[in-house]
Amino acid sequence: MFEPRTLSADLEAVHEEYAPDALVFDVETDFETIPPAAAENLGLVVESLSPASYPTEWLPPEVPQLLGAYASSDFTIGMPGDGTVVWTRQTTPPTVFLKHRAKNTPDHFLDFLVAEAFVQLSFEDVPEHFLPFFGEHYRDLTEAIPAGPNEVYQIALALFEGWIGLHTRDVFASWEGEHDALYDTWEDTGERLDERLADLPRAVALGDTSFANATEYACSAIKHGRELPAPFAALDTEAYLEYGPAYAVRWAEKTFEQLAEKHDARRESESN
């Protein structure tokens, strides 16, 4: 199921600089979560396995099933929304996995995704999922967002990705003149986000996109250093980088309070 991947010269240089111990595998299937029995086969190719578990007190009463499994003692690698490339520190050394769908991803973009995993691994304070990031604040976030557990999950994941982006974007920007192909992919991808970013508030107001989808899109742009519209611009700050989950919860509280006020004002205007 796990096939060691050969890296390009430029990607190998990034590997050596940021995550020299990390192993990289192609996975023969697509997955949200690698089945625990299959994940345990990693014991044949790594030095040791250290499955993570988290306090159930962090979880609200209703959560997606896989999030409950992730918090448990089940050996869980990969979660919904992780994308094409997944990494974990639950193995020694850490490992990076490319899902089967990576075969359909353009080489230059796939190289960037793998390089991004190496950079994220280089930040010891960056966990591999939003649950250990939010910790006990996840209940607070759930209370702040008037939506079901799946939508809360999507927003939490987006906020976590945005926080990671505040860590990594300066690294990507520094690659100009050193890892030009990776830098150009980072820059080009960011530029492609700009037009839709500008239209996000209008799209949410008209119901053309959900707030969760808009949050996901805006937070994905943070790592590219793009200009965000309100209310997402408040996430592109040193305060969010420093205060993390507590800041995210307060942002959600204020944002949904303001959205509710605008909704009430609109209904009142229409009734008059």
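The table that follows gives values for the structure above.
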quantity	calculated
Inter-site label distance for D74 and E62 at 7 Å from Cα along Cβ, in nm	2.0
Per residue accessible area in Å² of the stretch 72-112, where ligands, DNA and RNA are left out and the probe is 1.4 Å	39
Long-range amide H partners of D26 with built H, under 5 Å	E3, R5, L98
For S48, solvent-accessible area (1.4 Å; no DNA, RNA or ligand), Å²	50
Extension gain from T6 to L193, taking 0.36 nm per residue of separation minus the Cα-Cα distance	64.3 nm
Farthest toward positive dipole pole in the chain [+1 Lys/Arg, -1 Asp/Glu at C-beta], among H137, P106, V45	H137
Principal axes of the stretch 112-254: Cα extent on each, largest first, Å	46, 36, 24
Where D125, D107 fall by accessible area, highest first, once all protein chains stay in place (1.4 Å)	D107, D125
Count, lysine Cα pairs under 25 Å in the chain, 8 or more residues apart or across chains	4
Per residue value of the accessible surface for the stretch 215-254 (all protein chains in place, 1.4 Å probe), Å²	44
Label-point gap, in nm, between N41 and A230 - each point 7 angstrom along Cα→Cβ	5.3
Area of S72 that stays accessible when all protein chains are in place (1.4 Å probe, Å², to 10)	40
Stretch gain in nm, segment V126-S174, where the contour uses 0.36 nm per residue and the Cα spacing is subtracted	15.3 nm
Per residue convex hull volume, Cα atoms of the chain, in Å³	130
Alpha carbon Rg of the stretch 173-271, scaled by the compact-globule rule 2.2 N^0.38 Å	1.30
Per-peptide average of other Cβ atoms within 10 Å, ordering 131-142, 57-68 highest first	131-142, 57-68
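The values are calculated or read from the model by the stated rules, or taken from the named source; none is laboratory data. All of these numbers come straight from a predicted model, not from anything done at the bench. Note that each Cβ is placed from the backbone with ideal geometry, even for glycine, and that neighbours are counted across all protein chains shown. Please note that ligands, DNA and RNA were not included when accessible areas were found on the heavy atoms of the full protein model with its side chains. Shrake-Rupley method; radii C 1.70, N 1.55, O 1.52, S 1.80 Å.
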